[in-house]
Amino acid sequence: MDGTIYSGASLFHDTLPFLNLLNELGIGHTFLTNNSSKSTRDYVAQLKQMGIAAGADQLYTSTQATIEYLRVNNPDLRRVFLLGTPSMGEEIEAAGFTLTKDDPADKPEAVVIGFDTTLTFSRLCRAAYWLKVGKPFIATHPDRICPTDQPTLLVDCGSICAALERATGRSPGAVLGKPDPCMIRGILRRNDLLPHQVAMVGDRLYTDMAMARRAGALGVLVLTGEATAAELSQVKSPPDLVVKNLGELAEELRREWDVTQARS
């Protein structure tokens, strides 16, 4: 979403016409994001404020992927020490997990790191402590920064994990979110689709396009976010399609649709 349909609080002018075209052509869509700082409910509300009507079943976040990972791979695990926002914490608790406090007596069974915009030094140190004594290390996604339209640099989950790695000598045992193909697989299961029936539209080479390639889906890179044309020229495995923005992608879709209709 961020960097593809909007930047920060600014909706790209091509976004609504593009989504309208998808609806017109009968093409389903899911809003996919690595940003775990907000819950599904928050994203539905945010999209509504931007003029985009979406239900919870049209959102899939790295938090949801992490919850699914914990349920499948650690079915008995319930106690989690989280570096994440209150919104993320509420979603994890709603899924049946207990969040432990910043207290050495309140022992977790795993440490989960997200995009924590409420991060405090004390909780960072507590996470490092639990990792140092051997608790499982799980990250919601690998993004180093989060795109923004403001004059700042938003330190994302990958950078928080990097600090913990330097402090503890440990790297995450699992990094969910893009480029892990489980993000697309969750959408495939939800919509009863096969990988070749899905196009992953995103703005990052090392997450969005890498995931599309690993999952067997079509990769469509838009140059409205992090990736640049200069970076694109240096990659060994380029995306299936590169467009300047969603407006150009809409033109491609309309052109192919018209050709298909004429043949039929």
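The values are calculated or read from the model by the stated rules, or taken from the named source; none is laboratory data. All values reported here derive from a predicted model rather than from experimental measurement. Cβ: placed from backbone, ideal geometry, glycine included. Neighbour counts: every protein chain shown. Only protein heavy atoms, including side chains, enter the accessible area calculation; ligands, DNA and RNA are left aside. Shrake-Rupley method; radii C 1.70, N 1.55, O 1.52, S 1.80 Å.
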Where nothing but the Cβ of Lys and Arg (+1) and of Asp and Glu (-1) is charged, how large is the charge dipole of the range 96-136 around its Cα centre, in debye to the nearest 20? 120
Residues whose modelled amide H sits under 5 Å from the amide H of residue 59, counting only those 5 or more places away in sequence or on another chain, are 31
What's the carbon and sulfur percent of the chain's accessible surface, probe 1.4 angstrom, rounded to a whole number? 52
For residue 38 the rounded accessible area (nearest 10 Å², probe 1.4 Å, non-protein molecules ignored) is 70
Between residue 133 and residue 145, what is 0.36 nm times their sequence separation minus the Cα-Cα distance? Round to one decimal in nm. 1.5 nm
For the chain, how many pairs of lysine residues have a Cα-Cα distance under 29 Å, where the two are 8 or more positions apart or belong to different chains? 19
Convert each backbone phi in the range 192-200 into a coupling constant with the Karplus relation 6.51 cos²θ - 1.76 cosθ + 1.60 (shift: θ = phi - 60°), then list the ³J(HN,Hα) values in order as whole Hz, x for Gly and Pro. 6, 10, 9, x, 5, 8, 10, 10, 9
If you take the charge dipole of the chain about its Cα centre, with +1 on Lys and Arg Cβ and -1 on Asp and Glu Cβ, which of 187, 96, 212 is farthest toward its positive end? 96
Estimate the FRET efficiency between residue 90 and residue 57 by the formula 1/(1 + (r/R0)^6), using the beta-carbon distance for r and 25 Å for R0, to the nearest 0.05. 0.85
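Once you list every other residue whose beta carbon is under 14 Å from the beta carbon of residue 108, what net charge do they have if Lys and Arg are +1 and Asp and Glu are -1?
Around residue 108, the charge tally is +2.
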Row for the range 155-242, column shape: gyration tensor on C-alpha, a ≥ b ≥ c, rounded if a/c < 1.5 i.e. under 1.5, prolate if a/b over b/c, else oblate; value oblate
If each part is reduced to its alpha-carbon centroid, the range 88-102 and the range 196-220 end up apart, in Å, by 30
Have a look at the DSSP beta bridges in the chain and tell me what percent are antiparallel, nearest 5. 15
Which distance in nm do the two modelled labels at residue 45 and residue 102 give, with both placed 7 Å along the Cα-to-Cβ direction? 2.4
Result for the chain: accessible area per residue, probe 1.4 angstrom, in square angstrom, of 49
Size of charge dipole - the chain - debye, nearest 20, with Cβ of Lys, Arg +1 and Asp, Glu -1, no other charges: 800
Expected field for residue 93, accessible surface area in Å² at 1.4 Å probe radius, rounded to 10, holds 100
Roughly what % of DSSP beta bridges within the range 75-154 run antiparallel, to the nearest 5? 10
Kirkwood hydrodynamic radius, the chain, all distinct C-alpha pairs: what's the number in Å? 19.4
Show the residues, 5+ positions off or on another chain, whose built amide H is closer than 5 Å to the amide H of residue 3. 8
If the only charges are +1 at each Lys and Arg Cβ and -1 at each Asp and Glu Cβ, what is the size of the charge dipole of the range 69-139 around the Cα centre, to the nearest 20 debye? 260
Normalised contact order of the range 135-264, rounded percent, pairs of Cα under 8 Å and 6 or more residues apart: 17
In the chain, with Lys and Arg counted as +1 and Asp and Glu as -1 at Cβ, which of these residues, 119, 153, 47, has the Cα nearest the positive end of the dipole, that is, farthest along it? 119
